[in-house]
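Here the structure comes first, spelled out in structure tokens, and everything after it is commentary.
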Amino acid sequence: MSNEKIPYKIYLSEDELPKQWYNVRADMKKKPAPLLNPGTGMPVTAEELGHVFCDELVKQELDETTPYIDIPEEILGFYKMYRPSPLVRAYCLEKALDTPAKIYYKFEGNNTSGSHKLNSAIAQAYYAKKQGLKGVTTETGAGQWGTALSMACSYFGLDCKVYMVKVSYEQKPFRREVMRTYGASVTPSPSMTTEVGKKILAEFPDTNGSLGCAISEAVEAATSQEGYRYVLGSVLSQVLLHQTVIGLETKTAMDKYGIKPDIIIGCAGGGSNLGGLIAPFMGEKLKGKADYRIIAVEPASCPSLTRGVYAYDFCDTGKVCPLQKMYTLGSGFMPSANHAGGLRYHGMSAILSELYDQGLMEAVSVEQTAVFEAAQKFARVEGILPAPESSHAIKAAVDEALKCKETGEEKTILFGLTGTGYFDMYAYAAYNDGKMSDYIPTDEELQRSFDTLPKINK
Ligand SMILES: *Cc1c(COP(=O)(O)O)cnc(C)c1O
């Protein structure tokens, strides 16, 4: 089909929604390294993980052989309220850049939580409900995950306790109120409500909090209360699995019009949207059926893939979670306080880390002022106000499109537009006022953090 016929938005029908998630690990010859028990150094068992996570989610976490996993009817029913999400041909952006490149983006911001996180939140809430639990606990950084989870929990009638990184709790009061409107309780982290929170506050009384701290508190809150489990919005393989609805829909829509992306780009915090977007394409690449250039985009201020080390590390500051082998900056790494764009997690999904280590994908880091410049350009021509996180992908897509302009190549670029930025107006204000600055950690700073990696690597 000729490109002239491609509409601005490609929507699938309800019948074309994926009925199964795709587990890319099944097609990886070399699998991600197993999670380890920090006490014994041995691979964690399903039983050990079952104290922290719901049983069905533990099964998904440890399953590296089943390629397709059925999406339960109840979850499909919820997906239908906001999916399929549109695949947009960025005609206006192409024109503004005067590029021969063809740019597409998959927009995941068309739901109240404003991001892709709802795709996994609803799955995790469903399995918790099915297990007969009272509720779940979690952490949230920028607030998108907490919002998504509070929506999912209210749908299934589950209690939802959210530990919100203190700086975001203070800077994003409206996010907090959205969560409370959906019935969640929201506690700024670190807090005095947990032992680990008290310990962190005793050591660092002025801390702004971090995702790593909030995870430790949420895990403690789950394991110390009857009928609760902990849920996580990114990084884990189960989350990447749920997020494959993004990639599967994209692939179906592109196949319908005979479009094959040359380059696939996504922002990478913990890796869930990128892992979900690329999964079916990576599957073809792993089977030798097709080739794609895949690029992870991360902030220069929190560069886990581009400057981190591939090693076993703690997933949280309190060191209560299993050890995961991943590209990491060290669990003690604290991104600079002036870093406005989200994507602050110190580590990266084990699946993406392994794919990156095998050379199957690339990574670039970008500075935040350049990210907001790209966000503004995009908003002005495409109309959508992008989340700062998503704008990392926009920045990289624009750069690739401008390279095409130089070379005259008509490449097809696909990127993930993960969400909207309505709750990030302080960051936009800093950019609009010319007060945004860039921060890049020094090698010495990173080394200090690497020195705290667990001894198991040595
Ligand atoms: C959470 C979030 C991200 C980053 O998380 P990943 O797990 O890396 O996908 C990106 N964009 C938005 C809008 C988010 O809310």
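The values are calculated or read from the model by the stated rules, or taken from the named source; none is laboratory data. Just so we're clear, the structure is a prediction, and the values are computed from it rather than from any experiment. Cβ sites come from the backbone with ideal geometry, for glycine too, and all protein chains shown count toward neighbours.
Can you find even one residue in region 103-118 that is away from the ligand (no atom under 16 Å from the Cβ), outside the structural domain of Asn37 (by TED's automatic domain parsing) and outside any loop (DSSP other than H, G, I, E, B)?
For region 103-118, residues away from the ligand (no atom under 16 Å from the Cβ), outside the structural domain of Asn37 (by TED's automatic domain parsing) and outside any loop (DSSP other than H, G, I, E, B): present.
Examine region 199-206 for a residue that is modelled with pLDDT of 95 or more, within 15 Å of the ligand (Cβ to nearest atom) and outside the structural domain of Ser349 (by TED's automatic domain parsing), and state whether such a residue exists.
Scanning region 199-206, I find no residue that is modelled with pLDDT of 95 or more, within 15 Å of the ligand (Cβ to nearest atom) and outside the structural domain of Ser349 (by TED's automatic domain parsing), so the answer is no.
Quick one: Lys172 ticks every box in (1) under 18 Å from the mean Cα position of the chain (by Cα); (2) more than 14 Å from Leu118 (Cα to Cα) bar one, so which box is it?
(1)
Out of all the residues in region 272-300, which are under 19 Å from the mean Cα position of the chain (by Cα) and farther than 26 Å from Ala121 by Cβ?
Those that are under 19 Å from the mean Cα position of the chain (by Cα) and farther than 26 Å from Ala121 by Cβ: Ile295, Ala300.
Taking region 51-99 only, how many residues are free of Cβ contacts under 8 Å to residues at least 60 places away in the same chain, under 22 Å from Ala152 (Cα atoms) and among the hydroxyl-bearing types (Ser, Thr, Tyr)?
Within region 51-99, residues that are free of Cβ contacts under 8 Å to residues at least 60 places away in the same chain, under 22 Å from Ala152 (Cα atoms) and among the hydroxyl-bearing types (Ser, Thr, Tyr) number 1.
Regarding region 225-243, can at least one residue be identified that is within 16 Å of the ligand (Cβ to nearest atom) and hydroxyl-bearing (Ser, Thr, Tyr)?
yes
Kindly indicate which of Ala363, Ala340, Ala393 is within 15 Å of the ligand (Cβ to nearest atom), closer than 25 Å to Ala290 by Cα and outside any helix (DSSP H, G or I).
Exactly one of Ala363, Ala340, Ala393 is within 15 Å of the ligand (Cβ to nearest atom), closer than 25 Å to Ala290 by Cα and outside any helix (DSSP H, G or I), namely Ala363.
How many of the residues making up region 75-95 are over 22 Å from the mean Cα position of the chain (by Cα) and surrounded by 16 or more Cβ atoms within 10 Å (Cβ to Cβ)?
5
For region 31-44, does any single residue satisfy the condition of being surrounded by 15 or more Cβ atoms within 10 Å (Cβ to Cβ), of a type outside the set (A, V, I, L, M) and under 23 Å from the mean Cα position of the chain (by Cα)?
Yes, there is a match, as at least one residue in region 31-44 is surrounded by 15 or more Cβ atoms within 10 Å (Cβ to Cβ), of a type outside the set (A, V, I, L, M) and under 23 Å from the mean Cα position of the chain (by Cα).
Those residues that are in contact with a strand residue (DSSP E or B) (Cβ under 7 Å, 6 or more places away or on another chain) and either hydroxyl-bearing (Ser, Thr, Tyr) or part of a helix (DSSP H, G or I) (or both), I need them from region 61-85; list them, please.
Correct list: Tyr68, Ser85.
Consider region 169-196. How many of its residues are farther than 20 Å from Ala340 by Cα and not β-branched (Val, Ile, Thr)?
Final tally of qualifying residues: 10.
Can you name every residue in region 251-294 that is part of a helix (DSSP H, G or I) and either under 14 Å from Ile413 (Cα atoms) or out of contact with any strand residue (DSSP E or B) (no Cβ under 9 Å at 6 or more places or on another chain) (or both)?
Lys251, Thr252, Met254, Asp255, Ser272, Leu277, Ile278, Phe281, Glu284, Leu286
Among Gly271, Gly288, Gly283, which is on the phi > 0 side of the Ramachandran plot and surrounded by fewer than 24 Cβ atoms within 10 Å (Cβ to Cβ)?
It is Gly288.
Pairs under 7 Å by beta carbon, first residue more than 25 Å from Glu249 (Cβ to Cβ) and within 16 Å of the ligand (Cβ to nearest atom) in region 398-424, partner at pLDDT below 95 and assigned to a loop (DSSP other than H, G, I, E, B), six or more apart or different chains?
Phe423/Gly143; Phe423/Lys172
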